[in-house]
Ligand SMILES: Cc1ncc(COP(=O)(O)O)c(C=O)c1O
């Protein structure tokens, strides 16, 4: 049997950036657990990715689009007033909320759409929960003149009406998924079913560092621009590396994007923040790394929220983007090695942080990012005044104002 | 000799094709599943594929998804599935039973425990939809000493080196997925399936079964002509969904459907 849940002796790990192995494994995690029909297409995708990710023309076009279309680099902003009020560490916000379409998700969709174009695929499909990845996919599809189908749980379609309309404006077809719990995981299942049926002409743009190899690696690499910029900006602005990094973890793409370039800077401590929903102890949460067990779902082995017989259980989190029962396999490995710490904050704590950042810094964070903000507010006061924390402000909160209003009994 | 091997040998000696129906354990209920298994055998099934319900059946179309949902709604768990097989074996020692499902319920139980329980109740093979040979070595090592076959899938996109490798590691029989798609699709192209089976036959002497998209006696006969076994899933599960509440009608309907497939397979020129 597989030895899971064991702490790994990390003194033997030369570089934390060495993962995955050739077969897409991060220790025991990751891999390629899909139906036979997808194995060939995944090999093709891996070969194409390996080829183009080293190709100077591809890199130049990706960087050009990140600069002129996405608006990179995003600022690293010293939140002085907030830092002062907390009375501890200096907090720097990595402003992914300022990207085109309002979140880090666009970094990945630009990369994957370029790859789709080079592979000759004219039809792209995507899954979405909050609608951010769906919007980012519909956006690049519009720009490259591709057909775009977005799968979205029927439950989420009701919660995120504005993003559904945005996707339609951009020319995408939004398909309501009625199966299972009618949320993000079911949308992913349905996208996989579409892909297995239409593999010849279709490119599946997965929105986070989950799925079968090479997705966790590819999505990480496209988002690692966040951490590379932040690392350099921090050195430029403060003359040194930060003490801590904080990012929210749904599937884990914004988090690994920030963390990865710092993994071998051992003096930098790393915190991934999961959604504790009503509280871990209530069972109503979305925190597989905090309270789940290793298993296999959506093409990879990772920590999952499941019952004693391996059925995936429903998650609860005020932020739709964190409402996922699994997590990227690299985070599972980073947890077991102890290189990163995975913590959680509740809906109420995240809402409180949402309001505080809005009022103190004039920045309305996404509810996902508010989880990272909330955890930062817990640790900053305990740290020295010259300590530095970088928080990934993964998205802007406009999409969430209906949720926040509803939570406070206000009808807009 | 394993039950699966004995079954295919006997069929070959009689110049017959294997009929392999699929039903989901716990659909429409735990008790009825055992009864249905006997009905299937009496009506002419040679091997039974028993679906282990899973919350996220990524490779299945709507018909089998719903069956999985119904079974889970009835509270069906992995131990119930083992009990179904045990009860079936009380009256039937010879018909091979293959569990078909997804990886996570096995991961959670642990390979040793899952396989020991499966072997203990008389399971003959496993088809794990999301476990390609690349990830299968550890489980295979546990299955081998218990004599349980790991049945691998081959699909229209399986080519070259991978096809060779699958033929090398497979046991029991090989399951050819007739089309790109999920269970219950209906674009099966008999000519294309035949070409692929010829290619596979040049690499292995294992029996070849074909599944996905076999809806009626006519297609079953056409596919039976070029293969060693036909698997019928969604078309059967659809009938179970329709008559689930009425067990006598359900059993009569299942019996007559399976009989029609049997007759078609027995009348191949
Ligand atoms: C703004 C924002 N942050 C974070 C997430 C969570 O995803 P991930 O963990 O992959 O970054 C989402 C997902 O929709 C999001 O929209």
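The values are calculated or read from the model by the stated rules, or taken from the named source; none is laboratory data. Keep in mind the model is a prediction, meaning the values are calculated, not measured. Cβ sites come from the backbone with ideal geometry, for glycine too, and all protein chains shown count toward neighbours.
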query = Considering the range A:176-193 alone, what residues qualify as being closer than 20 Å to residue A:399 by Cα and modelled with pLDDT of 95 or more?
reply = A:176, A:187
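Take the range A:287-305 and flag every residue that is more than 14 Å from every other protein chain (Cβ to nearest Cβ) and not in a helix (DSSP H, G or I).
A:287 - this is the single residue of the range A:287-305 that is more than 14 Å from every other protein chain (Cβ to nearest Cβ) and not in a helix (DSSP H, G or I).
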task = For residue A:43, indicate whether it is free of Cβ contacts under 8 Å to residues at least 60 places away in the same chain, within 22 Å of residue B:158 (Cβ to Cβ) and surrounded by fewer than 20 Cβ atoms within 10 Å (Cβ to Cβ).
result = yes
key: Enumeration of residues in the range A:140-161 that are surrounded by fewer than 24 Cβ atoms within 10 Å (Cβ to Cβ) and within 13 Å of the ligand (Cβ to nearest atom)   = A:159
task = Return the residue satisfying two criteria in turn: it lies in the range A:364-385 and is in contact with a strand residue (DSSP E or B) (Cβ under 7 Å, 6 or more places away or on another chain) and in a loop (DSSP other than H, G, I, E, B), and of such residues it is surrounded by the most Cβ atoms within 10 Å (Cβ to Cβ).
result = A:366
query = Pick from the range B:77-102 the residues that are surrounded by 24 or more Cβ atoms within 10 Å (Cβ to Cβ) and assigned to a loop (DSSP other than H, G, I, E, B): which of them is farthest from the chain's Cα centre (by Cα)?
reply = B:102
query = All but one of (1) closer than 30 Å to residue B:15 by Cβ; (2) within 13 Å of another protein chain (Cβ to nearest Cβ) hold for residue B:82; which doesn't?
reply = (1)
key: Any pair with Cβ under 7 angstrom, 6 or more apart, that starts in the range A:222-244 at a residue that is touching a residue at least 60 places away in the same chain (Cβ under 8 Å) and within 12 Å of residue A:259 (Cβ to Cβ) and ends at one that is outside any helix (DSSP H, G or I) and within 16 Å of the ligand (Cβ to nearest atom)   = A:223/A:104; A:226/A:94; A:226/A:104; A:226/A:392; A:230/A:94; A:230/A:390; A:242/A:390; A:244/A:271
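Could you please give the count of residues in the range A:175-199 that are out of contact with any helix residue (DSSP H, G or I) (no Cβ under 6 Å at 6 or more places or on another chain), farther than 20 Å from residue B:180 by Cα and more than 8 Å from chain B (Cβ to nearest Cβ)?
3
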ask   = Of all residues in the range A:206-221, which are within 13 Å of the ligand (Cβ to nearest atom) and either more than 14 Å from residue A:48 (Cβ to Cβ) or within 11 Å of chain B (Cβ to nearest Cβ) (or both)?
value = A:206, A:207, A:208, A:209, A:210, A:211, A:216, A:219, A:220
task = Among the residues of the range A:121-139, write down those that are free of Cβ contacts under 8 Å to residues at least 40 places away in the same chain and away from the ligand (no atom under 12 Å from the Cβ).
result = A:138, A:139
inquiry  = Quick check on this structure: which one of B:110, B:181 is crowded, with 16+ Cβ neighbours inside 10 Å and facing another protein chain (nearest Cβ under 9 Å)?
reply    = B:181
task = Return yes when residue A:340 is under 13 Å from residue A:185 (Cα atoms) and in contact (Cβ under 8 Å) with a residue 60 or more places away in the chain and no when it is not.
result = no
query = Out of all the residues in the range A:54-66, is one or more farther than 16 Å from residue B:132 by Cβ and assigned to a loop (DSSP other than H, G, I, E, B)?
reply = yes
task = Please determine, by comparing only the residues of the range B:124-172 that are more than 17 Å from residue B:59 (Cα to Cα) and in a loop (DSSP other than H, G, I, E, B), which one is farthest from the other protein chains (Cβ to nearest Cβ).
result = B:124
message = Looking at the structure I just gave you, is residue B:95 within 27 Å of residue B:9 (Cβ to Cβ), facing chain A (nearest Cβ under 8 Å) and modelled with pLDDT of 95 or more?
response = no
Residues (over 22 Å from residue B:216 (Cα atoms) and more than 16 Å from the chain's Cα centre (by Cα)) located in the range B:1-27 = B:1, B:2, B:6, B:9, B:10, B:12, B:13, B:14
ask   = With respect to residue B:118, is the statement that it is in contact with a helix residue (DSSP H, G or I) (Cβ under 6 Å, 6 or more places away or on another chain) and either over 24 Å from residue A:186 (Cα atoms) or at pLDDT 95 or above (or both) true?
value = no
query = Can you name the residue in the range A:307-324 that is more than 13 Å from the ligand (Cβ to nearest atom) and within 14 Å of chain B (Cβ to nearest Cβ) and, of all such residues, is surrounded by the fewest Cβ atoms within 10 Å (Cβ to Cβ)?
reply = A:308
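Within the range A:325-338, which residues are away from chain B (no Cβ under 14 Å) and more than 10 Å from the ligand (Cβ to nearest atom)? Before the answer, list the steps.
Residues of the range A:325-338 away from chain B (no Cβ under 14 Å): A:327-328, A:330-331, A:333-338.
Listed by number, the residues that qualify are A:330, A:333, A:334, A:335, A:336, A:337, A:338.
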task = Mind telling me which of the residues B:138, B:168 ends up being closer than 27 Å to residue B:1 by Cα, at pLDDT 95 or above and surrounded by fewer than 23 Cβ atoms within 10 Å (Cβ to Cβ)?
result = B:138
Scope the range A:235-255; condition surrounded by 24 or more Cβ atoms within 10 Å (Cβ to Cβ) and more than 8 Å from the ligand (Cβ to nearest atom); matching residues = A:242, A:245, A:246
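Every residue, every condition in (1) within 23 Å of residue A:231 (Cβ to Cβ); (2) more than 12 Å from the ligand (Cβ to nearest atom); (3) at pLDDT 95 or above, yes or no:
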{"position": "A:361", "(1), (2), (3)": "yes, yes, yes"}
{"position": "A:371", "(1), (2), (3)": "yes, no, yes"}
{"position": "A:400", "(1), (2), (3)": "no, no, no"}
{"position": "A:411", "(1), (2), (3)": "no, yes, no"}
